[in-house]
Amino acid sequence: MTTVPDRARASSHLPPGPAGPDGRGVSRRGLIGWVLAGSTLAVAADLTVGAAPANAAVPSPPQVPELYDLGDLQTHSALPTSQLISITLDEQGVAHFAIPRAEVGQGITTAAAMLIAEELTLPVEKVRVTLAKARPELVFNQLTGGSNTMQSMFTPIRVAAATAKGRLLQAAAIELGAQVSSLVAKDGVVTGPTGSSVTYGALATLAASTETVAVEVALTPRSEFSVIGTPRGRDDALAAVTGRKQFTLDLQVPDALPTMVCRPPELNGSPRFVNNLAAVRAMPGVTDVVLVPTGVAVRAATFGQCIDAVRALDVQWNPGSVTGESDASILAELKAAELPMAVPSVPLLATTLDLRVEFMFRSSAALEPNCAIADVRSDRATVWAGLKAPIVAQRDIAEAVGLPQGAVTVNVVTGGGSFGHKLFGDAATEAAVISKAMGKPVKLLWHRADEPRQGRVHPMATSRVRATMLAGQVLTFEQRHTSVVTDFGHGLGERLTAMAAELPANLGGMGLSQSIFTLTQELPYDFGVVTQLLNEVDTRFNTGSMRNIYSPDVACANELAVDQIAKRLGQDPYTFRMGFLKNAKAKRCLAAVAKAGGWGRSLPAGVTQGIAVHTEYKGATAVLVELDTRPATVNRTVRNAVTGPRVTKAVIAVDVGLVVNPRGLEAQMMGGVSDGIALALTSSNHLQDGHFLEASWDNYFYTRQWNVPLEFSCIVMPSDEELPGGAGEAGVAASVAAVACAYARATGKVPTRFPVNHGTISFTPKTFVPPVPESPVDGLSSTF
Amino acid sequence: MAQHTFTVNGESVTVDVADDVRLLWVLRDVLGITGPKYGCGINVCKACTSHINGKAFNPCSVRVADIGPDDEVTTIEGLADTVDADLHPMQEAWIERDVAQCGYCQPGQIMAAVALVNKVRAEGRAITTADLDGIRNICRCGTYHRIREAVVEGAKGM
């Protein structure tokens, strides 16, 4: 241990508690970090530093004090470090940081490591970023969603890292007998004026503090960045390609045997009685069979034996939540709920454009199905799962198994994709309930068939647009979006957790949804009087937001309307947009894709271009696609597949402000384009007789290799912004809109339902009883 | 229960498990070899793609009883050993292109890619767009375009 004279003013005069320095009112060059008491160097920053107050995200939100009744907030708020995130340095000179967010493929651990490396002047390889367990004291600050991670974590992580560097330099000054100002830190080594040096590893103990103190730090100015903004591969790339990357199902927890659930034939049905319980319990490998609210759970030596047992179960079922309902009946319900247009009075000579578009249910399932490991004992529970709102999951699990929240440990595991799916702890809670019922640890896996049939779906919705035009101008633009209720049980927009969303003041969710709609939807055009309103009905479905909340549907409807307005006014879609866009970032993105993609270039008959923009998350995207609708392409056949029109080229430009890792950003954009193609052309759930028909990736037609653009490019726009915007969801909306616009131009008719192939059921539905298909045995006949 | 002996990643293993348990679960639940992933269990998503005697197959759809003592199963964990290197050229290409996002499907993607390259080589030709279009492995992160580039790149090193 060493006492360090504090160049950065060890500030005993600063208030130490949570009501203390929060970054607001402090210049960005004078932020406050904390040196924590510890045996090696540990530093921290307040998670709210540099961020807007949490409750600024939504008008009339629940106030923070209202939440104290729900959690252990009073206890937590007494802790001086309640909102701190910490970085520790070990004796090998490796910096460790447990990020209170979930890595699900979006690359945030890589980006966080880059931020730490930048401020610490440490090689990125010497930074280990892991995922924090549920930390209920963080309240608003452990939700991964709304493309918000880099926005919210950018400054706090840097402050913590800068604090560490300051402390290391002070320790080095003593060790090397030199002034701090004469030291140079590079690649984890501090060198003094005489050439003598000391490593961070050697300084880790010397720089440790016996008490927790606040220090003022300055961040590296943007002009001196050498890591931030440079393209970097993922931190887990090697683990991913060697099979060493561990997901929830790969964890070995003692006695947590494979477990699956025999699920009801109708959506949200429940089990009443099992006719052959004893027989199934006696099946090979089976250890336990229990009834739980969601179905009949089976635990066995292997998942294969679980599947066999699930198929063998003879269960009497209670009906589900949407008995007898179908796409048509829910669409009728939405139509009846559509809010009326209220076009302001316009001159008599104005012409009117009306457009109404329907969007079908879509499954947000990732490739890793819902899964979780749970070990519930009489006095405690431990759970492992990919969770983007682990505090909410912790609370739900505690409630479901009758334990205090503090007795539930929730480990956040790297997820195999999310797309909004992992915002909900459905599998974690279900696993805990099953573990309690069996009195044993379980490793729960949803069968693939369970996912589209009983899992979360993106709500069915309709969007109506009415625009009026006169003399080359758009006078009014109105939109009425009507949706099956979107479940925000995981959190309130970008910042709040379910604790807030489920407060009595928000019951019904209507005000909440409309608030989120209003805050995420903006029309980037000068279209005179603009109104965009949302109405939501029907709470009977298991919903969630699939990679973006309302934007992909809203943008698709809007951009289709924009193309039609341009056509009425006799203008080219690109020229028209450039003339009417009021958002400078969107204009630059649009111009970039038009140039790079060759807007208006000569194409064979049957190949059309589509172009679209979207603004959200403080940024903008534009997409240009070319769609091949020639018979030879549309009619190509691939076994058990949907082919149809093919996007042959996609160019996307994105401006998200300051870019931390352009390579990661490009990856997100490619994924956004893949999603947009599927949303426009192929992927949907069909509701029929109270259940969804889809049960396989060969039923639910997400983009596959035969649908992929042959040419793809991503343009990352330069930006002078000091802060990053959101990226994870940013690529979807303009992509679906561009494909839809290209399709409308190709066919000469604006589609009124998406995906465009929804009217055709391109598969034979699998059985509902049993609920999962048989495991094939012919795998050796299709080797290659 | 019955005993089944075969070779996995160069090592002979004997497992005591019922005949009809599919090989994916023998690998994952019995042997703890977790590179091959479950994504559907019905030979559709291809996340479990591995090799049997050098050819791509999906262990979710093969009974352990149908694997004989002379059969050599290779999972992603054993791929590099087939070329006696730290990494197979296809894995190198994957890292070079930073293909993976969440990574869940990628072991299967790489195993399918290696088999595809070997197949077209055996046919005496180069990989075509149609070959790439024919890859059935799903990637829900939508990394498809990078996969296409990496397959072509990886083939150069094979």
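The values are calculated or read from the model by the stated rules, or taken from the named source; none is laboratory data. Keep in mind the model is a prediction, meaning the values are calculated, not measured. FYI the Cβ positions are ideal-geometry reconstructions off the backbone, even for glycines, and counts take in every protein chain you see. Just so you know, the surface numbers come from the protein's heavy atoms only, side chains and all, with ligands and any DNA or RNA stripped out. Shrake-Rupley method; radii C 1.70, N 1.55, O 1.52, S 1.80 Å.
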| said: Just checking, does segment B:83-103 include any residue being assigned to a helix (DSSP H, G or I), among the acidic types (Asp, Glu) and within 15 Å of the chain's Cα centre (by Cα)? | reply: no
| query | Can you name every residue in segment A:221-254 that is touching a strand residue (DSSP E or B) at 6+ places or on another chain (Cβ under 8 Å), more than 8 Å from chain B (Cβ to nearest Cβ) and open to solvent by less than 70 Å² (accessible area, probe 1.4 Å)? | reply | A:Thr248, A:Leu251, A:Val253
| said: Can you list residue pairs whose Cβ atoms sit under 6 Å apart, with the first residue in segment A:747-762 being part of a strand (DSSP E or B) and the second being open to solvent by 70 Å² or more (accessible area, probe 1.4 Å)? Count only pairs 6 or more apart in sequence or on different chains. | reply: none
| request: Pull up segment B:136-158, narrow it to residues that are in contact (Cβ under 8 Å) with a residue 60 or more places away in the chain and within 9 Å of another protein chain (Cβ to nearest Cβ), then point me to the one that is nearest to the chain's Cα centre (by Cα). | output: B:Asn137
| said: Within segment A:343-366, take every residue that is among the hydrophobic types (A, V, I, L, M, F, W, C) and more than 21 Å from A:Thr482 (Cα to Cα) and give me the one that is nearest to the other protein chains (Cβ to nearest Cβ). | reply: A:Ala366
| said: Considering only segment A:271-283, I want to know if a residue exists there that is within 11 Å of another protein chain (Cβ to nearest Cβ) and either outside any loop (DSSP other than H, G, I, E, B) or on the phi < 0 side of the Ramachandran plot (or both). | reply: yes
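When you look at A:Leu658, is it away from every other protein chain (no Cβ under 12 Å) and in contact with a helix residue (DSSP H, G or I) (Cβ under 8 Å, 6 or more places away or on another chain), yes or no? Before you say what the answer is, go through the steps one by one.
Numbers: away from every other protein chain (no Cβ under 12 Å): yes; in contact with a helix residue (DSSP H, G or I) (Cβ under 8 Å, 6 or more places away or on another chain): yes.
Answer is yes for this residue.
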| task | Output the residue which, of all residues in segment B:5-37 that are surrounded by 24 or more Cβ atoms within 10 Å (Cβ to Cβ) and not in a loop (DSSP other than H, G, I, E, B), is farthest from the other protein chains (Cβ to nearest Cβ). | result | B:Leu27
| field | Filter result (surrounded by fewer than 18 Cβ atoms within 10 Å (Cβ to Cβ), assigned to a loop (DSSP other than H, G, I, E, B) and not β-branched (Val, Ile, Thr)) within segment A:763-784 | value | A:Pro765, A:Glu774, A:Asp778, A:Phe784
| task | Mind listing whichever residues of segment A:575-630 are without any contact (Cβ under 8 Å) to a residue 60 or more places away in the chain, in a helix (DSSP H, G or I), among the charged types (D, E, K, R) and open to solvent by 20 Å² or more (accessible area, probe 1.4 Å)? | result | A:Lys587, A:Lys595
| field | strands (runs of 3 or more DSSP E) (entirely within segment A:367-484) containing at least 2 residues that are within 14 Å of another protein chain (Cβ to nearest Cβ) | value | A:371-376, A:442-445
| task | Mind listing whichever residues of segment B:45-71 are within 7 Å of chain A (Cβ to nearest Cβ), out of contact with any Cys (no Cβ under 8 Å at 6 or more places or on another chain), touching a residue at least 40 places away in the same chain (Cβ under 8 Å) and open to solvent by less than 10 Å² (accessible area, probe 1.4 Å)? | result | B:Ala56, B:Val62
| query | Are there any pairs with C-beta distances below 7 angstrom linking a residue in segment A:311-324 that is under 16 Å from A:Val292 (Cβ atoms) to a residue that is assigned to a loop (DSSP other than H, G, I, E, B) and open to solvent by 50 Å² or more (accessible area, probe 1.4 Å), with the two at least 6 apart or on different chains, and if so which? | reply | A:Gln316/A:Asn275; A:Gly320/A:Asn268
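Rundown of residues vs (1) within 14 Å of chain B (Cβ to nearest Cβ); (2) more than 28 Å from A:Phe154 (Cβ to Cβ), yes/no style:
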residue	(1), (2)
A:Ser719	no, no
A:Ala727	yes, no
A:Ala737	no, yes
A:Thr764	yes, yes
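How many of the residues in segment A:677-715 are assigned to a loop (DSSP other than H, G, I, E, B), within 14 Å of chain B (Cβ to nearest Cβ) and either of a type in the set (Gly, Ala, Ser) or on the phi > 0 side of the Ramachandran plot (or both)?
Kept after step one, since they are assigned to a loop (DSSP other than H, G, I, E, B), are these residues of segment A:677-715: A:682-686, A:689-690, A:693-704, A:708-710.
Keeping just the survivors that are within 14 Å of chain B (Cβ to nearest Cβ) gives A:682-683, A:694-704, A:708-710.
Subsequent filtering for residues that are either of a type in the set (Gly, Ala, Ser) or on the phi > 0 side of the Ramachandran plot (or both) retains A:683, A:695-696.
The qualifying residues number 3.
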| said: Given the condition away from chain B (no Cβ under 14 Å) and either open to solvent by less than 10 Å² (accessible area, probe 1.4 Å) or at pLDDT below 95 (or both), answer yes or no: does some residue in segment A:633-642 qualify? | reply: no
| request: Confirm whether B:Cys105 is at the interface with chain A (Cβ under 7 Å from one of its Cβ atoms), in contact (Cβ under 8 Å) with a residue 60 or more places away in the chain and within 27 Å of A:Gln668 (Cα to Cα). | output: yes
